[in-house]
Amino acid sequence: MKAQLLTSAFRFRVLVLFAFLLMLATMVASICGTAGFDTEWVTLRIPRVLLGLITGASLAASGSALQSVFRNPLADPYILGVSGGAALGAALAIAVGDDLSSITIVAAAIFGASVASLPALFLARRKSGAHTILLVGLATNTLASALITVLKTAVPAEKSQSLLYWLVGNLGYPSIAQISLVLVICGLCLAYLFYHVGILELLRLPDDEAFRLGYDLKRFRLETIAVITVLIGVIVSLTGMIGFVGLVVPHLLRPFLGSDQRLLLPASALCGAMLLVLCDGASRLLFAVLHTELPTGTLTALIGAPFFIWILVRNDKHS
């Protein structure tokens, strides 16, 4: 009992620390930009910073959860192709429709994410190797990017510019209606993950052993993937493909916090939110040097891609 109390106290202290750091990062990101601390600009940045917080938390929490679901430390919505499928779904909706509502684009992104998650889910049920699942996910992302590029060449210039948005990943300046939609749907999805974080921890057990304890892990995996598919679909419909957050954040935290999802999942959500708002703030500051706003997805790729290569090389040495 004493050990459990100490563990709970440790979790509480860690999460309070990360929450405090996130508050500081949010304040810094709100004033970052070439205009400095200007009331009008800060007012414009607040919805963007809020979207960054939601996006970072959703991507990092999804990555942590998927790593448990697939029992694969390299699982991530971007790498598994879910983000690419969502981007393709949203891009198709924009290409074929005019004046589409946010709900329509979100629904198309969720459908695309659902279709893209099927190959990884099928391979996981067949107990295929981790590298096979990852390669299929990367191929899915590549195919989605190629199809979006094809769409770009087949539509008018104004729509082509919109489609390019989903390839690079950016937060932009969302409307109040868009932020409200994201808050409601993503809030419910994250609440599901947080509420079932104890069952996520049980995914380390064999399915038959967990079933004897009263848990149907097969059904829970499907439910969790469905929730994450909705979560990623909503995020990607607004931000495009922002990659590697779900991979980098849990991996950086795991050596210090361990693999217990009861701590790792909420810590990943807080640190993912922190990472993305800081990257977005940095992209605004770089405007003074580059004379253009660097997409947030470009910065996360510059951080995440070398990190992913390093993980693969390290795992290959230990195999």
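Taking 7 Å steps out from each Cα toward its Cβ at Ala146 and Glu223 produces label points 3.8 nm apart. Set the Cα radius of gyration of the stretch 78-180 against 2.2 N^0.38 Å, with N its number of residues, and you get 1.15. At the listed q of 0.07, 0.09 Å⁻¹, the Debye profile of the chain, built from one uniform point per Cα, gives log10 I(q)/I(0) equal to -0.27, -0.45.
Taking each DSSP H run with n ≥ 4 as -39500 (n - 2.57) and averaging over every residue of the chain yields -27500 deg cm²/dmol at 222 nm.
Sorting 171-177, 264-270, 52-58, 82-88 by their mean Cβ neighbour count within 10 Å, with the most densely packed peptide first, gives 82-88, 52-58, 264-270, 171-177. Counted by Cβ distance under 15 Å from Gly240, the other residues give a net charge of +1, where Lys and Arg count +1 and Asp and Glu count -1.
Taking the average, over residues, of other Cβ atoms within 10 Å as the packing measure, peptides 18-29, 60-71 rank 60-71, 18-29 from highest down.
Readers should treat all values here as calculations from the given coordinates under stated rules, not as data from a laboratory. All figures in this text were calculated on a predicted structure; none of them were measured in a lab. Every residue, glycine as well, gets a Cβ built from its backbone with ideal geometry; the counts of neighbours run over all protein chains shown.
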